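Readers should treat all values here as calculations from the given coordinates under stated rules, not as data from a laboratory. Computed from a predicted model, the values in this text were never measured in an experiment. Positions of Cβ are backbone-derived with ideal geometry, glycine not excepted, and every protein chain shown enters the neighbour counts.
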Amino acid sequence: MRTTVPLMLVLTLFLGASVTQAQQGSAVFLEPHRGLLVKRDSTFELLFRFRMQDRAAFTHKVGDDLEDASAAFLVRRFRIKFEGFALSPRLKYKVQLGLSESDQNVGDGSSPSPLLDALVTYAITPHTSVGFGQGKLPGGRQALVSSGEMELPERPLANGSFTADRDFGLFADHSLNAGEQVVRLRAAITQGEGRSAASGDLGLNYTGRLEWLPLGAFSGKDGDYQEGDLLREPKPKLSIAAAFSTNRNARRSLGVNGPRFPDGQGRTIDTFFADMLFKHNGWSWQNEFNQRHTEGSPVLQDTVTNAITAVDEGWGITSELGCMVGKRSQAVVRYSAFMPGDRVVSRFSQREEAWAGWSYYLNDHRVKLQSAVTYTWQHGVADFSRIGNQWGLFLQVEMGI
């Protein structure tokens with residue numbers, strides 16, 4: 001019931017806008033790689049897109065009987081997106097709703113919220129823009145890549161502990177071309193409470209990201225934020241980036257998401273990101289390093305219940321290699337790890353995972369079939385006979401426009 005009302009409201013608003021604009025002489029047509037477009041000269045544009053990821057997942061812990069293996073059949077993601085411009089191509093908007101159960105989970109036990117993005121941006125120049133609203137923070141690449149542009153069914157383990165995720169506030173982007181090279185700077189000053197937060201304080205969140213593309217821009221639109229080399233870059237392309245986020249008086253264990261600290265306590269949480277992406281002739285290779293530090297103790301205790309909440313302090317690493325096989329198929333392998341810091345080693349285990357996947361692209365990332373086998377282990381012991389280690393199998397279909 002939670003998702004039905006927002007969905008009907010969204011569809012009603014979209015259809016109403018489409019009919020109204022069409023009556024006023026606007027064009028309504030479908031662009032296979034963009035979505036359903038409503039456009040009227042240079043004063044109005046509305047692009048409607050949706051995507052869904054239907055998944056079957058099976059997991060089995062070493063040491064358990066096979067009949068104790070778990071199975072999950074679910075809609076992993078269902079997203080509806082509206083974007084375009086109004087009055088002028090310089091004034092753009094983006095609204096995205098997540099209508100699956102996992103999309104709406106805010107992560108702190110509060111009421112579910114379908115609102116993912118609600119951002120208005122203004123292009124001051126062709127290379128500089130500012131924005132206000134709710135959107136993704138400019139942290140690590142693994143989180144910035146859309147879940148609809150991934151070459152494996154799920155994000156890496158390390159991303160779950162270090163993602164910058166979404167927040168509400170001011171955003172700015174600037175790009176500079178120096179011959180073939182491209183330099184981009186992205187920054188944000190946000191509330192620091194995460195998406196759909198009802199209130200906050202003056203302990204704001206400051207995030208900045210610097211990118212360098214020494215071999216020029218990638219092919220396609222935002223090609224450096226699409227996993228896999230589906231376009232088979234004819235020349236080598238490379239992106240190197242670093243980002244830093246400091247969340248003052250953060251109230252949640254991951255900064256802008258995760259469980260809330262007890263008794264309204266706060267901590268300053270600093271997170272560092274470094275990543276790179278390389279593509280050439282069907283090969284793609286991406287790596288990311290994360291590190292988090294907390295000012296003060298990262299372990300907080302509720303004075304009434306004595307319950308413990310701890311910051312995911314430590315470091316993480318991810319390396320992912322993909323290769324196109326034929327015109328539509330791709331083989332992918334990935335390794336990811338989370339290493340807890342000394343101050344929280346009693347609260348978190350060292351965790352590592354390995355993935356081997358196969359994707360088949362019927363219409364680029366818009367329509368694809370994905371499968372993967374995973375193996376997850378703890379405490380640095382990857383032995384296949386180690387009790388508690390876990391195998392997984394993912395089968396996923398993605399459909400969208």
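Things to note:
- Charges were assigned to the Cβ only: +1 to each Lys and Arg, -1 to each Asp and Glu. The resulting dipole of the chain about its Cα centre is roughly 1040 debye.
- Computed log₁₀ I(q)/I(0) - Debye formula, equal Cα scatterers, no solvent, the chain, q 0.06, 0.07 Å⁻¹: -0.25, -0.34
- Most mobile listed residue (Thr43, Thr125, Thr309) in the chain, GNM with C-alpha springs under 10 Å: Thr125
- Segment 67-216, relative contact order in percent, only Cα pairs under 8 angstrom and at least six apart counted: 16 percent
- Within segment 199-247, the proportion of C-alpha pairs whose separation exceeds 13 Å stands at 66%.
- Quotient of C-alpha Rg and 2.2 N^0.38 Å, computed over segment 321-401: 1.40
- Helix content alone sets the calculated 222 nm mean residue ellipticity of the chain: runs of n ≥ 4 DSSP H residues at -39500 (n - 2.57) each, divided across all residues, give -2500 deg cm²/dmol.
- Where a label projected 7 Å from the Cα of Asp302 along Cα→Cβ would reach, residues of segment 320-352 with amide N under 19 Å: 347-348
- With R₀ fixed at 30 Å, the C-beta to C-beta distance from Trp391 to Val345 puts the FRET efficiency at about 0.70.
- Shape analysis of segment 43-107 based on the Cα gyration tensor places the equivalent ellipsoid semi-axes at 41, 10, 8 Å, largest first.
- Extent along the principal axes, Cα only, for segment 179-309: 62, 26, 25 Å, with the longest axis given first.
- For segment 292-365, the relative contact order is 27 percent, taking Cα pairs closer than 8 Å that sit 6 or more residues apart in sequence and dividing their mean separation by the residue count.
- Efficiency of FRET from Cβ geometry, Ile124 and Arg34, R₀ 22 Å, rounded to 0.05: 0.35
- Sorted ascending by nearby beta carbons within 10 Å, beginning with the fewest, Ser70, Ser253, Ser129 become Ser70, Ser129, Ser253.
- Segment 367-401 versus segment 217-232: alpha-carbon centroid distance in Å: 25 Å
- Ordering 284-294, 176-186, 235-245 by mean Cβ neighbour count within 10 Å, with the highest value first, yields 284-294, 235-245, 176-186.
- Note on segment 23-56 and segment 172-197: Cα centroid distance 26 Å, given to the nearest whole angstrom.
- Across the alpha-carbon set of segment 65-150, the Rg to Rh ratio works out to 1.12, Rh being the Kirkwood radius.
- The fewest-to-most ranking of Leu362, Leu369 by surrounding Cβ atoms within 10 Å reads Leu362, Leu369.
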